[in-house]
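Below is one structure, written out as structure tokens; comments come after it.
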Amino acid sequence: MCFIMIYNKKMKEPEIKENPFHQIYIDLTSTCNLNCPWCCNRQHVIPDISLNRFEEICKTLPERTEMRFAGGEPALHPKLLDLMDIAKGYGHFLTLITNTVEFNDIEFCKKVKTHGPVVVSLSMDSLTSDSTKLNALENLVDTGFHRLVLTATLTGENTDIIQWLRELYEYYKPVKYIHFRNIINEDNALTFSEMVDQVAEIFPEWENPHRIVRDGKEHNGKKCCGYCQLRQITPDLRMLILDARRASNCHLRGYINNKDMTVNTFFNEIRGRS
Ligand SMILES: C[S@@+](CC[C@H](N)C(=O)[O-])C[C@H]1O[C@@H](n2cnc3c(N)ncnc32)[C@H](O)[C@@H]1O
Ligand code: SF4
């Protein structure tokens, strides 16, 4: 009995007030307007986060934190702008991860900009047309967003998306960050070095970067798992390559479970979902 109690205590995830993570993901809603076949969140059904619960989280986090709004499609949360205001009020930094659809409405872009600062991260592999994604990117640029992130999941069969992101980076100055990863719930997903080979063919700067920001060996004095690398590949472009399947114990990225107010490592949390 005593052993079981000690064991349970040891296995308990940290509470939000003890959050050790630099970046923290939070699902605002499980509602989505797409149905991407590889999506890790299709079975993950949660109620929309309430303003009160969100404020409690913002207040409880021990330090100003980089919060990443995810889901479902976070842009569909009916109180998105209020949630942004609350986070900002507590000094947290915001990134909104989106499938791009809602940003086809320029008025929506303007509202999000007004309630910023926020970094918008566009999932360029989401299951909508390329013209929808491109229109969202153009709207965000026209609205005055100066720092945009483009992300894509690499499957081994979609090398064309790497080339497309290269063209978008060369054309749109606010594209400052590109993030590639593999499919988290796919046993035969590309390995880290396979992704590097594919990316370096189209972005040869990867091999001879301006600066290595995170080398996958250690970060802030903590040993890293080796499955992500962040490089400033040109003076104005950062690139992340991440093996999401193997980075389950990443100490940088956490996930807030708003039901019991605990935090877990992000990839550990989502790997079990499909
Ligand atoms: C779950 S979505 C939620 C936010 C938003 N709906 C979107 O698509 O950007 C967050 C990110 O996770 C990525 N993602 C979804 N399923 C994945 C999987 N099985 N493996 C790796 N990344 C995945 C998506 O491509 C997206 O960039
Ligand atoms: S990846 Fe994003 S857009 Fe696609 S189904 Fe999942 S939550 Fe929706």
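The values are calculated or read from the model by the stated rules, or taken from the named source; none is laboratory data. Quantities reported herein were computed from a predicted structural model and do not represent experimental measurements. As a convention, Cβ positions derive from the backbone with ideal geometry for all residues, glycine included, and neighbour counts pool all protein chains shown.
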Checklist entry - Does any residue of segment 84-91 turn out to be in contact with a helix residue (DSSP H, G or I) (Cβ under 8 Å, 6 or more places away or on another chain) and not in a helix (DSSP H, G or I)? => result yes
Checklist entry - Can you tell me how many residues in segment 40-76 are crowded, with 21+ Cβ neighbours inside 10 Å, under 17 Å from the mean Cα position of the chain (by Cα) and not in a strand (DSSP E or B)? => result 5
Next on the checklist: Which pairs turn up if I take residues in segment 31-46 that are touching a residue at least 60 places away in the same chain (Cβ under 8 Å) and look for partners that are of a type in the set (Gly, Ala, Ser) and near ligand 2 (Cβ under 7 Å from one of its atoms) with beta carbon separation below 6 Å, at least 6 apart in sequence or on another chain?
Outcome noted: CYS32/GLY72; LEU34/SER126; CYS36/SER126
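Would you mind stating whether GLU73 is within 16 Å of ligand 2 (Cβ to nearest atom), among the charged types (D, E, K, R) and in contact (Cβ under 8 Å) with a residue 40 or more places away in the chain?
On the way: within 16 Å of ligand 2 (Cβ to nearest atom): yes; among the charged types (D, E, K, R): yes; in contact (Cβ under 8 Å) with a residue 40 or more places away in the chain: yes.
So GLU73 fits the description; yes.
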Checklist entry - Quick check: is even one residue across segment 230-243 touching a Ser or Thr at 6+ places or on another chain (Cβ under 9 Å), at pLDDT 95 or above and in a strand (DSSP E or B)? => result yes
Item to check | Matching residues in segment 77-100 - criterion: being among the β-branched types (Val, Ile, Thr) and surrounded by fewer than 22 Cβ atoms within 10 Å (Cβ to Cβ) | outcome: ILE86, THR95, ILE97
Checklist entry - Which pairs have Cβ atoms under 8 Å, sit 6 or more apart or on different chains, and link a residue in segment 171-198 that is more than 10 Å from LEU154 (Cα to Cα) and crowded, with 17+ Cβ neighbours inside 10 Å to one that is at pLDDT below 95 and of a type in the set (D, E, K, R)? => result ILE184/ARG245; ILE184/ARG271; PHE192/ASP243; PHE192/ARG246
Checklist entry - How many residues does segment 98-111 hold that are without any contact (Cβ under 8 Å) to a residue 60 or more places away in the chain and touching a Ser or Thr at 6+ places or on another chain (Cβ under 8 Å)? => result 6
Checklist outcome for this item: Per the filter on segment 92-112, residues touching a Cys at 6+ places or on another chain (Cβ under 9 Å) and assigned to a loop (DSSP other than H, G, I, E, B) are HIS92, ASN99
Checklist entry - Counting only residues that are part of a loop (DSSP other than H, G, I, E, B) and within 11 Å of ligand 2 (Cβ to nearest atom), which one in segment 119-138 is surrounded by the fewest Cβ atoms within 10 Å (Cβ to Cβ)? => result LEU127
